[in-house]
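Before any comments, here is the structure.
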């Protein structure tokens, strides 16, 4: 095995807490009394359906930044939240570029990077992932965004595209994720798999991905533990 590719939102960074805090701070500065917790949860709930519409061909290809913006505009309208400028909307959408890593992420990635190639295989676009890496201090060797192949996971083009650009066969690459669907898709294509549970990803009422649901190659408590097991 020569490389590890990581799901990013939820596996490497804490999107929910980061967005809630960022949006709340934004709202306080502008005197907006909004249920930001509910809005962030509903925003994330639009994540998969919006990508599935693109994957099915019902909508033309758009980057995740573009899908996030469209979803946010719909949610703001449904809540009758008005008066936001284009600059305000841009700030809120790029909140996905300003997510904090889980505490184990950076030290774990640094340990892994001493032995393996490491990079994200995320549904984010390249610009989003590069900005996020700069903000969060993620020590990637390479960045794989879905605009490279204009497909979203779990389409096979994403996993095999990363292998191809690395010049590696699927068994030489390990997919690391906190989401079982991601690992199932990768394993079907011959990649190795590692599951890392993030039981706080969706907040206190999380009901899915609390445990491994497949015969994954490695189950680790976090990214530091993954590095320890691979050592």
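Any read-out appearing in this document is the output of simple, stated calculations on the displayed coordinates, not a laboratory observation. These figures come from a predicted structure and were not determined experimentally. When we count neighbours, we look across all protein chains shown, and the Cβ atoms used for this are built from the backbone with ideal geometry, even at glycine.
Some points to look at:
- Counted over the chain, the DSSP beta bridges are approximately 10% antiparallel.
- Extended-chain gain in nm, criterion 0.36 nm per residue less alpha-carbon gap, residue 135 and residue 47: 29.5 nm
- Simple spin-label estimate for residue 37 and residue 79 gives 1.3 nm between the two label positions (7 Å along the Cα-to-Cβ direction from each Cα).
- Helix-derived mean residue ellipticity, 222 nm - over the chain, DSSP H n ≥ 4, -39500 (n - 2.57), to 500: -13500 deg cm²/dmol
- Across the chain, Cα pairs under 8 Å and at least six residues apart give a relative contact order of 24 percent.
- In angstrom, the C-alpha Rg and Dmax of segment 44-139 are 16.0, 51.
- Using only Cα coordinates, the Kirkwood hydrodynamic radius of the chain works out to 18.1 Å.
- q = 0.16, 0.17, 0.22, 0.31 Å⁻¹, segment 64-113: log10 I(q)/I(0) [Debye, one scatterer per Cα]: -0.59, -0.62, -0.79, -1.16
- The smallest convex shape that holds all Cα atoms of segment 35-85, its convex hull, gives 82 Å³ per residue.
- Just checking the listed ones, 12, 143, 54: in the Gaussian network model of the chain with Cα springs under 10 Å, the one fluctuating most is 54.
- Between 207, 153, 115, the residue with the greatest mean-square fluctuation in the GNM of the chain (Cα pairs under 10 Å linked by springs) is 207.
- Full extension of the chain between residue 208 and residue 188 yields a length gain of 5.1 nm, computed as 0.36 nm times the residue separation minus the alpha carbon distance.
- Between residue 148 and residue 21, the modelled label-to-label distance comes to 3.0 nm, taking each label 7 Å out from Cα in the direction of the beta carbon.
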